[in-house]
Amino acid sequence: MTANAPQTSPETPDLGDDFAALSRILHSRYSARAFLPDPVPDGVVAEIVRVAGRVPSWCNAQPWQVHVTRPPQTRAFSQMLLAQVGTTPPQPDIAWPAAYTGAYQQRRRACGFQLYDAVGIAREDKAARGAQMLENYRFFGAPHVAVITSEADLGGYGAMDTGGFVAAFTLAAQAAGVACVPQAAIAAYAPAVRAHFTLPDTRLVLCAISFGYADESHPINGFRTARAEIDEVLSWV
């Protein structure tokens, strides 16, 4: 059994091959943060987006729109965002979380410490941590970025529907052998993103998904985050 294989017990029901395949994809998926420069063929990208679009949405509105860069445009987008950092106050379309408390803070901290440990950054080294943070705006070397937007009039529910699309995109990509990482970091500069891609004000900038082929030799791709136990999230009524 591999490290990422789903755990089973004698009480685990056999739900069939389709469920087993989905479980395998979910357990093998991770947020990649180092990529090879090789581009993903357009046809593969289009099929990932097409399959991800099968997720449900309220009234079948399908509020998501996906703007995918090719490598030259990825570099130009990165340069624009890096120019914003430190000079433009963050202006996300949807307010950042008010606070991380309790288990949410513990999980957030654990993920951050795993990331820094993987690349040898000491917890007290603020300069190195800041430099690593900027890799968000270099898309960790990914050749492509999918900018994900939702319709402003649909508000939080449109954003929720679009979150389902983002999750489905990551699973479809994994099934296609493509690595990715969803990133909220670009949403800090939503007006600049809209201007860069000539998007109307009616589109909320929610996140990006950086994607390509993972650099499996890079240590930052070697750690895996934990998941809550079933009794932490499931309540029987």
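Restricting to the stretch 138-152, and then to whatever is in a helix (DSSP H, G or I) and more than 13 Å from the chain's Cα centre (by Cα), can you tell me which residue is farthest from Arg194 (Cα to Cα)? Out of the qualifying residues, it is Gly141. The condition of being within 16 Å of the chain's Cα centre (by Cα), over 16 Å from Val66 (Cβ atoms) and outside any loop (DSSP other than H, G, I, E, B) holds for only one of Ile209, Ile186, Ile220, that being Ile220. Of the residues making up the stretch 168-179, one or more are assigned to a loop (DSSP other than H, G, I, E, B) and surrounded by 12 or more Cβ atoms within 10 Å (Cβ to Cβ).
Pro37 passes every criterion in (1) touching a Pro at 6+ places or on another chain (Cβ under 7 Å); (2) surrounded by 13 or more Cβ atoms within 10 Å (Cβ to Cβ) apart from (2).
Checked against the criterion of being surrounded by 12 or more Cβ atoms within 10 Å (Cβ to Cβ), out of contact with any helix residue (DSSP H, G or I) (no Cβ under 7 Å at 6 or more places or on another chain) and of a type outside the set (Lys, Arg), the candidates Val45, Val68, Val55 yield just one match: Val45.
Flag not set for Tyr189, criterion: modelled with pLDDT of 95 or more, surrounded by 14 or more Cβ atoms within 10 Å (Cβ to Cβ), in contact with a Phe, Trp or Tyr (Cβ under 8 Å, 6 or more places away or on another chain) and among the aromatic types (Phe, Trp, Tyr). Could you tell me whether the stretch 131-140 includes any residue that is under 27 Å from Leu22 (Cβ atoms), among the aliphatic types (A, V, I, L, M) and surrounded by fewer than 22 Cβ atoms within 10 Å (Cβ to Cβ)? No: zero hits. From the list Asp161, Asp201, the lone residue that is without any contact (Cβ under 8 Å) to a residue 60 or more places away in the chain and either in a loop (DSSP other than H, G, I, E, B) or crowded, with 20+ Cβ neighbours inside 10 Å (or both) is Asp201. From the list Ala61, Ala32, Ala21, which one is modelled with pLDDT of 95 or more, among the hydrophobic types (A, V, I, L, M, F, W, C) and farther than 27 Å from Tyr213 by Cα? That would be Ala61, the only listed residue that is modelled with pLDDT of 95 or more, among the hydrophobic types (A, V, I, L, M, F, W, C) and farther than 27 Å from Tyr213 by Cα. Residues being of a type outside the set (Asp, Glu) and under 19 Å from Ser28 (Cα atoms): count how many of those fall in the stretch 190-237. Residues meeting the conditions: 19.
When residues of the stretch 30-75 are filtered for being part of a helix (DSSP H, G or I) and free of Cβ contacts under 8 Å to residues at least 40 places away in the same chain, how many remain? Residues meeting the conditions: 9. Remark: Gly120 falls outside the filter, which requires a residue to be more than 19 Å from the chain's Cα centre (by Cα) and either on the phi < 0 side of the Ramachandran plot or in a helix (DSSP H, G or I) (or both). Of the residues Val55, Val51, Val44, which is closer than 30 Å to Ala228 by Cα and touching a Gly at 6+ places or on another chain (Cβ under 9 Å)? Exactly one residue qualifies, and that residue is Val55.
The values are calculated or read from the model by the stated rules, or taken from the named source; none is laboratory data. Everything numeric in this text was worked out from a predicted model, so none of it was measured. Because the Cβ atoms are built from the backbone with ideal geometry, glycine has one as well, and the counts that use them run over all protein chains shown.
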